[in-house]
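Okay, so here's the structure we're looking at.
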Amino acid sequence: MKIGVLALQGSFAEHLVALKKLTVDTAEVRLPEHLDGLDGLIIPGGESTTMGKLAVAYNLLDAMKTFGQRRPIWGTCAGAILLSKDVSRDQPLLGLMDIKVRRNAFGRQVDSFEIDLDIPELKQATGAQEDYHAVFIRAPIIESVGEGVKILASLPDGRIVAARQGRLLATSFHPELTNDTRFHEYFLTLVD
Amino acid sequence: MDAKKSTWTEKKGLAQMLKGGVIMDVVNVEHAKIAEDAGACAVMALERVPADIRADGGVARMSDPDMILKIMDAVTIPVMAKCRIGHFVEAQILEAVGVDYIDESEVLTPADEANHILKHNFNVPFVCGCRNLGEALRRVGEGAAMIRTKGEAGTGDVVEAVRHARTVLGDIRKLTAMADEELMRYSKEIGAPYELVKETKELGRMPVVNFAAGGVATPADAALMMQLGVDGVFVGSGIFKSGDPAKRASAIVKAVTHYQDASILAEVSKNLGEAMVGRNVSQMPEAEKMAGRGW
């Protein structure tokens with residue numbers, strides 16, 4: 001199994017470390033040909049506008065759209081924004097997941113936070129019963145989801161922060177910033 | 001399930017999200033939008049770019065909060081702003097304004113010639129400049145959650161950025177080869193907290209994100225800094241003091257992502273128009289250098 005991490009900008013090195021801990025083969029993806037032979041793709045945290053522009057400039061946006069129709073993609077924070085269909089502003093998106101996302105939904109950096117989340121599907125998939133410690137940084141929320149999208153996690157006030165549509169996964173938070181690899185293990189279960 | 005804010009993970013984490021990106025100095029809303037459109041991962045809001053601070057002389061201070069707020073309203077990417085070294089009230093004001101990161105910067109005139117700000121006292125994260133590992137770890141010890149090598153701002157001459165990056169990264173390479181019992185002596189020698197020296201050795205890298213700054217003017221300069229081993233690049237005067245800022249900004253963003261791909265670097269380096277005029281640092285009087293500010 002070989003998993004690619006989009007390496008245009010952001011926290012791609014952290015995702016690569018987590019994947020290597022799980023002894024998975026990895027590749028950095030900067031150009032369309034780097035998707036060849038991959039079984040899955042992670043789009044890391046970072047700035048979605050930066051990644052979008054760099055993806056468009058080198059024809060990677062369309063290549064990722066095609067890739068996501070057959071293979072699993074997981075987006076964390078900026079990656080979740082890129083996977084979505086609608087962010088209420090004009091910027092390059094993959095539009096693969098039927099979710100509406102609001103960027104910077106919690107305010108500025110001083111409003112960023114960490115919190116423990118109860119994520120039943122994650123517990124079921126990994127067999128570990130502890131809550132999941134989630135790190136949110138200038139995070140987006142998933143405002144609404146379409147049919148066929150399963151909500152995986154919400155904040156205590158009900159706002160959606162993780163969802164799955166088939167083999168496409170979106171999280172508002174950053175599993176790559178913690179030592180807990182359960183979310184990466186969960187993503188690998190979506191890969192053939 | 002109580003949420004925790006402004007933790008060390010949160011402060012360091014935003015810098016981790018900026019990695020592989022370009023942070024651009026902007027002096028107004030128009031510049032900020034050009035920077036965002038070019039793919040900047042953050043902007044530094046300030047009234048004058050370093051080249052103009054040099055040209056104007058006098059005391060350089062924190063920018064007007066009103067201009068910072070206008071830039072915050074105009075872009076969706078993180079907005080940073082500079083305060084003077086040791087001027088913790090300017091920092092309090094910038095925190096109240098709501099900037100995402102504060103740069104306690106040698107580019108402004110220092111307010112304290114002995115002490116930096118105790119940055120752990122703030123909820124907002126800080127970035128600070130350094131010329132070597134000791135200086136970097138002193139700043140991290142005070143609470144800086146991100147480091148940048150200083151270079152020599154406002155010159156367009158990359159030589160000092162290279163010197164400082166080579167020094168910091170070389171210091172780390174030496175440290176990783178040391179025996180554990182040598183770390184206390186080394187901490188004493190470089191004037192850095194022992195625990196952070198130990199952590200740096202264990203990680204084999206700076207314990208926080210480390211960008212390059214000060215003198216980057218071309219896509220090749222930016223890729224040079226990336227190949228030397230920094231996590232990303234600040235570009236100050238280099239963009240908006242050049243002939244075609246939008247094109248140059250976009251080219252530098254591409255160069256930082258594709259820093260190992262010489263054919264892409266060649267492509268983005270074409271037809272960029274005039275680079276900033278620049279000043280040769282080796283011919284500059286010591287008193288005009290900013291990098292020596294910081295203790």
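The values are calculated or read from the model by the stated rules, or taken from the named source; none is laboratory data. These numbers come from a predicted model, not from an experiment. Please note: Cβ atoms are built from the backbone with ideal geometry, for glycine as well, and neighbour counts cover all protein chains shown. Accessible surface is based on the protein model in full, side chains and every heavy atom, while ligands, DNA and RNA are left aside. Shrake-Rupley method; radii C 1.70, N 1.55, O 1.52, S 1.80 Å.
Of all the residues in the range B:263-293, those that are open to solvent by 60 Å² or more (accessible area, probe 1.4 Å) and within 14 Å of another protein chain (Cβ to nearest Cβ) number 2.
Need the failing condition index for A:ILE137 against (1) within 14 Å of chain B (Cβ to nearest Cβ); (2) more than 18 Å from the chain's Cα centre (by Cα), just the number. A:ILE137 satisfies every listed condition except (2). Filtered by the rule that a residue be within 11 Å of another protein chain (Cβ to nearest Cβ), among the small types (Gly, Ala, Ser) and open to solvent by less than 10 Å² (accessible area, probe 1.4 Å), the range A:1-45 gives A:ALA7, A:GLY10, A:SER11, A:GLY45. Return only the number of the condition from (1) open to solvent by less than 50 Å² (accessible area, probe 1.4 Å); (2) among the acidic types (Asp, Glu); (3) in a loop (DSSP other than H, G, I, E, B) that B:ASP2 does not satisfy. Here B:ASP2 clears every test but (1). Pairs are defined by a Cβ separation below 6 Å, a sequence spacing of at least 6 or placement on different chains, a first member in the range A:107-119 that is at negative phi and facing chain B (nearest Cβ under 7 Å), and a second member that is assigned to a helix (DSSP H, G or I) and at pLDDT 95 or above; the pairs so defined are A:GLN109/B:LEU14; A:SER112/B:GLU10.
Can you go through B:ILE23, B:ILE68 and tell me which one is among the aliphatic types (A, V, I, L, M), out of contact with any helix residue (DSSP H, G or I) (no Cβ under 7 Å at 6 or more places or on another chain), modelled with pLDDT of 95 or more and open to solvent by less than 10 Å² (accessible area, probe 1.4 Å)? Steps first, please.
Numbers: B:ILE68 fails: out of contact with any helix residue (DSSP H, G or I) (no Cβ under 7 Å at 6 or more places or on another chain).
Step by step, each of B:ILE23, B:ILE68 is checked, and only B:ILE23 is among the aliphatic types (A, V, I, L, M), out of contact with any helix residue (DSSP H, G or I) (no Cβ under 7 Å at 6 or more places or on another chain), modelled with pLDDT of 95 or more and open to solvent by less than 10 Å² (accessible area, probe 1.4 Å).
Scan the range B:46-65 and give yes if some residue there is farther than 30 Å from B:ALA287 by Cβ and buried (at least 22 other Cβ atoms within 10 Å of the Cβ), otherwise no. No, every residue in the range B:46-65 fails to be farther than 30 Å from B:ALA287 by Cβ and buried (at least 22 other Cβ atoms within 10 Å of the Cβ).
Step by step: first the residues of the range B:242-260, then only those that are part of a loop (DSSP other than H, G, I, E, B) and surrounded by fewer than 17 Cβ atoms within 10 Å (Cβ to Cβ), then the one that is nearest to the other protein chains (Cβ to nearest Cβ). Which residue is that? Step through it out loud before you land on a result.
Applying the first criterion (part of a loop (DSSP other than H, G, I, E, B)) to the range B:242-260 yields B:242-244, B:258-260.
Those still in the list that are surrounded by fewer than 17 Cβ atoms within 10 Å (Cβ to Cβ) too: B:243-244, B:260.
Values: B:GLY243: 21, B:ASP244: 17, B:GLN260: 9 Å.
It comes out as B:GLN260.
Of the residues making up the range A:155-187, those that are part of a strand (DSSP E or B), open to solvent by 10 Å² or more (accessible area, probe 1.4 Å) and not β-branched (Val, Ile, Thr) are A:ARG164, A:GLN165, A:LEU168.
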